[in-house]
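Have a look at the structure below, then the notes.
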Ligand code: UT7
């Protein structure tokens, strides 16, 4: 059977940085609280002229450059996002236009923080079935535009960014995605959502007054589920790939909270050095955290060709998923 492999990765974050110290000036919060409770020190924040598609295009161009693949070789584009340019059409359509690739199919995947793992799993199926040859996966989110900057329980947690990979047939005997695992549970939808603007709460003065257009989260419940589900998903994916935690060179967990990452590493009994952590610089960029961490670690020379990687994420929906792959 064919194997689908990551042929290259890239990322992009908007230039503007907002530190915890700057938030101290506008909110009842402290750098100490944010750093100790989450591991976040700063986040990148997009301007009004940098929509999600713009971050996505920049990440895609970096992924194309890093993989030595011409954009004309791409035959499908998948964008994982829950903060698209518009309610519809898909941000992937906008990105395809900006890349000058109009004509090829493109679609958005709405799986919040698990969006990249969902996209990877679906793209893998399209590659191994030979339906498509080179799929551009972009995970991009701009939560800073959908959070309430007066709500200290959510606004300190998020940042904007995009990560991208090119998925194609493995060009050696070793590399490729060995397994993926996905799950969801809509009974938990209300624990983390942006309710306003959908058809249940179409935008109106009343929904604006009630701030339904902002992200609402029950942090404690999400925290507990994140540890449980990211651990469980990765365990299942490792089993189906026939590997153990000891075999994995690096774990890339969704960057929502450093304490969540540490707890999962402890459950697997693996040293923290084996986890990729950049939440201090970028905060939670939703679907983009894993591909940003992957692309940055490759750029830093930390993650190298031939390494075995374990990826795992959990997010709104609830959704969760994991993947085991050799670069
Ligand atoms: O990406 C998808 C998933 N997202 C996540 O996985 C996030 C998961 N949740 C979390 O990471 C954590 O639950 C939070 C970081 C959101 C909150 O941490 P916590 O340790 O669960 O804090 P808490 O909600 O129990 O709040 C403790 C205290 C409260 O004060 P009282 O009631 O004890 O007086 C909060 O009001 O901390 C207060 N607090 C803050 N204080 C200063 C909450 N936010 C802040 C803040 N600055 N920004």
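The values are calculated or read from the model by the stated rules, or taken from the named source; none is laboratory data. What you see is a predicted model, and the numbers here were worked out from it, not measured in a lab. No Cβ is skipped: glycine too gets one built from the backbone with ideal geometry, and neighbour counts run over all protein chains shown.
Taken together, 229, 220 contain a single residue that is buried (at least 18 other Cβ atoms within 10 Å of the Cβ), within 16 Å of the ligand (Cβ to nearest atom) and in a helix (DSSP H, G or I), which is 229. Taking the criterion of being outside any strand (DSSP E or B), touching a helix residue (DSSP H, G or I) at 6+ places or on another chain (Cβ under 6 Å) and surrounded by 24 or more Cβ atoms within 10 Å (Cβ to Cβ), the residues of region 286-315 that qualify are 286, 287, 290, 291.
This table checks each residue for (1) within 13 Å of the ligand (Cβ to nearest atom); (2) without any contact (Cβ under 8 Å) to a residue 60 or more places away in the chain; (3) assigned to a helix (DSSP H, G or I).
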{"site": "14", "(1), (2), (3)": "no, no, no"}
{"site": "32", "(1), (2), (3)": "yes, yes, yes"}
{"site": "48", "(1), (2), (3)": "no, yes, no"}
{"site": "54", "(1), (2), (3)": "no, yes, yes"}
{"site": "59", "(1), (2), (3)": "no, no, yes"}
{"site": "66", "(1), (2), (3)": "no, no, yes"}
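Being in contact with a strand residue (DSSP E or B) (Cβ under 9 Å, 6 or more places away or on another chain), more than 16 Å from the ligand (Cβ to nearest atom), part of a helix (DSSP H, G or I) and closer than 12 Å to residue 310 by Cα is the requirement here; does residue 238 meet it? Here the answer is yes, as residue 238 does meet what is asked.
Being closer than 26 Å to residue 58 by Cα, outside any helix (DSSP H, G or I) and in the same structural domain as residue 43 (by TED's automatic domain parsing) is a property that residue 161 has.
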